[in-house]
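Below is one structure; the comments refer to it alone.
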Amino acid sequence: MRNFDLSPLYRSAIGFDRMLNTLESGQSQSNGGYPPYNVELVDEHHYRIAIAVAGFAETELEITSQPNLLVVRGAKQSQESAKTYLYQGIAERNFERKFQLAEHIQVEGAHLENGLLYIELARVIPEASKPRRIEIK
């Protein structure tokens, strides 16, 4: 029997376990893991994504929220003067990172601090979906 590393599946699904859906659709990260990110559980209904976007300005970043999908894009503006590097260890390439979101997960806000883009998420359950107590008569 083989052991499979399923951690990439858990990293890209926020709010619930989407392992089976991810396996069925065959989604993969084609960007080679750039930029690196963390997904943090703040409390039972709040999550935080931190993406390392050193070198990107706020105007070069775009966050879009679609049903069950969060897309973060970074596009470097072309620099007119070509630089000559002796060694270039800081990546300056464009990126697109997608995160699968569970139902009722909403983006509350985002801010850029010390080269990290923080995106705040919250699980907002509608009143119709919340459990309610039924009186027995």
Here are some conditions: (1) modelled with pLDDT under 85; (2) closer than 18 Å to residue 35 by Cβ. Residue 75 meets all but one. Which one does it not meet?
(1)
Quick check: is even one residue across region 88-97 surrounded by 11 or more Cβ atoms within 10 Å (Cβ to Cβ) and either of a type in the set (A, V, I, L, M) or over 19 Å from residue 54 (Cβ atoms) (or both)?
yes
Among residues of region 64-103, those that are in contact with a helix residue (DSSP H, G or I) (Cβ under 7 Å, 6 or more places away or on another chain) and either farther than 30 Å from residue 128 by Cβ or β-branched (Val, Ile, Thr) (or both), counted:
4
Considering (1) more than 11 Å from the chain's Cα centre (by Cα); (2) without any contact (Cβ under 8 Å) to a residue 40 or more places away in the chain, say which one residue 64 fails and leave the rest.
(1)
Is it true that residue 99 is of a type outside the set (A, V, I, L, M), in a loop (DSSP other than H, G, I, E, B) and under 18 Å from the mean Cα position of the chain (by Cα)?
no
Just checking, how many residues over region 69-87 are charged (D, E, K, R), surrounded by 12 or more Cβ atoms within 10 Å (Cβ to Cβ) and in a loop (DSSP other than H, G, I, E, B)?
1
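What are the residues in region 79-105 that are over 19 Å from residue 34 (Cβ atoms) and out of contact with any Lys or Arg (no Cβ under 8 Å at 6 or more places or on another chain), if any?
Going residue by residue through region 79-105, those that are over 19 Å from residue 34 (Cβ atoms) are 79-84, 86, 101-105.
If the condition is that a residue be over 19 Å from residue 34 (Cβ atoms) and out of contact with any Lys or Arg (no Cβ under 8 Å at 6 or more places or on another chain), then 79, 80, 81, 82, 83, 84, 86, 101, 103 are the ones that fit.
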Out of region 98-115, which residues are within 16 Å of residue 58 (Cα to Cα) and surrounded by fewer than 16 Cβ atoms within 10 Å (Cβ to Cβ)?
109, 111, 112, 113, 114, 115
Any chance residue 60 is more than 14 Å from residue 109 (Cα to Cα) and modelled with pLDDT of 90 or more
yes
When region 109-137 is checked residue by residue, the ones that are without any contact (Cβ under 8 Å) to a residue 40 or more places away in the chain and within 27 Å of residue 76 (Cβ to Cβ) are 109, 111, 113, 114
Every listed condition ((1) more than 24 Å from residue 121 (Cα to Cα); (2) at pLDDT 60 or above) holds for residue 24 save (2)
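The values are calculated or read from the model by the stated rules, or taken from the named source; none is laboratory data. Keep in mind the model is a prediction, meaning the values are calculated, not measured. Virtual Cβ from ideal backbone geometry, glycine too; neighbours counted across all protein chains shown.
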